[in-house]
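What follows is one structure encoded as structure tokens, with my remarks underneath.
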Amino acid sequence: MREGAADNPVNPEVCPALYRLITAHGKPIDACLGVEGLPQSATGQGTMFTGVNCPAAIGRHQEGFPGPALRKIIEENNIFLELKKRGKKVRFADAYLVDSADELALRRFKSVTTVMALTAPETVSTVSDLIHDNALMQDLTRETIQDRYPDIPMIHPQRAAEHLFRIARNNDFTLYEFFQTDVAGHSSDYARACAVLRLYDLFLASLVRFCEAASITLVMTADHGNIEAMNERGHTRNPVPFIAYGPKGRQLRDQVNSLADVTPAILSVIHCKE
């Protein structure tokens with residue numbers, strides 16, 4: 001984070017709910033992981049979801065879709081698989097525009113979260129889940145799919161928060177991935193970044209209230225810096241915020257100093273099946 005920078009839209013005027021969580025329930029953590037070069041999405045997410053320092057393991061930061069070496073790490077060791085071993089119910093709340101996990105597996109290019117979800121196919125959310133409000137689109141409002149699925153109505157971000165809360169109540173661990181902030185960060189368009197953050201903040205403010213009422217711990221982080229420096233198109237070496245809010249918040253924050261600590265910390269607070 002670069003608090004107070006003129007090109008940083010992550011501020012209390014633009015996104016008060018997010019800013020409050022960062023300052024009151026967050027801490028800066030390392031995304032560089034001791035490897036030269038700018039942090040990238042594939043190795044950052046791989047590290048976050050496995051506890052393995054992926055850029056160190058493959059010798060570099062890797063962007064985009066994971067290559068064979070990184071895929072192997074993810075397929076053998078990830079938070080979904082470990083929680084399944086513990087008898088926990090897990091869900092990836094982002095809807096894929098497919099009818100089944102088998103259809104998703106046929107895709108040539110797969111993101112880190114897709115590779116991970118396919119190791120536990122029951123976690124995959126489909127178009128049917130989205131239609132029945134049992135999944136979210138990555139843009140929250142469903143605007144990006146209106147040309148392909150005009151019969152699936154758009155929703156307000158607050159409604160998306162309701163849907164995610166309902167999913168989370170039925171699972172021990174629920175993952176939701178929002179990457180429109182990364183897209184906006186790469187645009188170098190400050191107004192666009194502010195618009196994305198304002199929309200996300202409406203969602204987040206509602207989600208926080210739901211989590212408070214149900215004593216659910218909310219965990220948020222990022223695989224690299226980007227939107228906090230709108231004068232740069234690429235990623236940054238800045239620390240990223242790790243937010244843990246709720247009953248297990250302090251315990252999680254105390255354990256996490258880099259992306260490699262995220263999965264081990266979460267696993268430490270989710271008890272094994274009796």
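Could you go through the range 20-39 and let me know if any residue there is under 30 Å from Val127 (Cβ atoms) and either among the charged types (D, E, K, R) or in contact (Cβ under 8 Å) with a residue 12 or more places away in the chain (or both). No, the range 20-39 contains no residue that is under 30 Å from Val127 (Cβ atoms) and either among the charged types (D, E, K, R) or in contact (Cβ under 8 Å) with a residue 12 or more places away in the chain (or both). For beta carbons closer than 7 Å, sequence separation of 6+ or different chains, a first residue in the range 48-60 that is farther than 8 Å from Val35 by Cβ and a second that is at pLDDT below 95 and surrounded by fewer than 21 Cβ atoms within 10 Å (Cβ to Cβ), the qualifying pairs are Thr50/Asn77; Val52/Asn77.
Taking every residue in the range 172-190 that is within 19 Å of Leu118 (Cβ to Cβ) and pairing it with any residue that is among the aromatic types (Phe, Trp, Tyr), at least 6 positions away or on another chain, the pairs with Cβ-Cβ distances below 9 Å are Phe173/Phe80; Thr174/Phe92; Leu175/Phe49; Leu175/Phe80; Leu175/Phe92; Tyr176/Phe92; Glu177/Phe92. In the range 12-60, of all residues being in contact with a Phe, Trp or Tyr (Cβ under 9 Å, 6 or more places away or on another chain) and in a loop (DSSP other than H, G, I, E, B), the one that is surrounded by the most Cβ atoms within 10 Å (Cβ to Cβ) corresponds to Cys15.
For the range 82-107, filtering for residues that are without any contact (Cβ under 8 Å) to a residue 24 or more places away in the chain, closer than 29 Å to Leu267 by Cβ and either touching a strand residue (DSSP E or B) at 6+ places or on another chain (Cβ under 9 Å) or of a type in the set (D, E, K, R) (or both) leaves 3. Within the range 119-138, being surrounded by 20 or more Cβ atoms within 10 Å (Cβ to Cβ), assigned to a helix (DSSP H, G or I) and of a type in the set (A, V, I, L, M, F, W, C) holds for one residue alone: Leu130. Applying the condition of being part of a loop (DSSP other than H, G, I, E, B) and at pLDDT 95 or above to the range 166-203 and asking which residue is surrounded by the fewest Cβ atoms within 10 Å (Cβ to Cβ) yields Asn170.
Within the range 139-157, if we keep just the residues that are among the acidic types (Asp, Glu) and either in contact with a helix residue (DSSP H, G or I) (Cβ under 7 Å, 6 or more places away or on another chain) or not in a loop (DSSP other than H, G, I, E, B) (or both), the residue that is farthest from Arg209 (Cα to Cα) turns out to be Glu143. Would you check which residues across the range 61-104 are of a type in the set (Ser, Thr, Tyr) and either assigned to a helix (DSSP H, G or I) or within 17 Å of the chain's Cα centre (by Cα) (or both) and list them? Tyr96, the sole residue that qualifies.
The values are calculated or read from the model by the stated rules, or taken from the named source; none is laboratory data. Here the structure is a predicted model, which is why all the values come from computation and not from measurement. We place every Cβ from the backbone using ideal geometry, glycine too, and count neighbours over all the protein chains shown.
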